[in-house]
Amino acid sequence: MSAEILKLSDYRRIDDAAENEIDLMTAVDVAIRDLHEILMFWGSESARQRTQECEQTLRRAYLKSVGGQSDWRL
């Protein structure tokens, strides 16, 4: 048995989001691992940037999973 290890960085700064879509479960899985790495560098500019990228990836996957309809407002 083998598993492909995905990193959230594989889905960052995607110019063609339709070509590189990520499903919600995969987004949550890789975000948990990415957030663990972010905590190791908490307070740095790179941690802040990675946190924003993580949020954007999760938001994109969430909106895809609900068909683009959401009352979610930030």
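The set of residues in the range 29-62 that are in contact with a Leu (Cβ under 6 Å, 6 or more places away or on another chain) and of a type in the set (Asp, Glu) contains only ASP34. Starting from residues that are within 15 Å of ARG59 (Cα to Cα) and of a type in the set (Asp, Glu), keep the ones in the range 1-33 and report whichever is modelled with the highest pLDDT. Checked the range 1-33; the qualifying residue modelled with the highest pLDDT is ASP29. Residues that are assigned to a helix (DSSP H, G or I), at pLDDT 90 or above and surrounded by 12 or more Cβ atoms within 10 Å (Cβ to Cβ) within the range 36-48 comprise ILE38, ALA47, ARG48, listed in sequence order.
The values are calculated or read from the model by the stated rules, or taken from the named source; none is laboratory data. No experiment lies behind these values; they were computed from the predicted model shown. With ideal geometry, Cβ positions are generated from the backbone for all residues, glycine too; neighbour counts draw on all protein chains shown.
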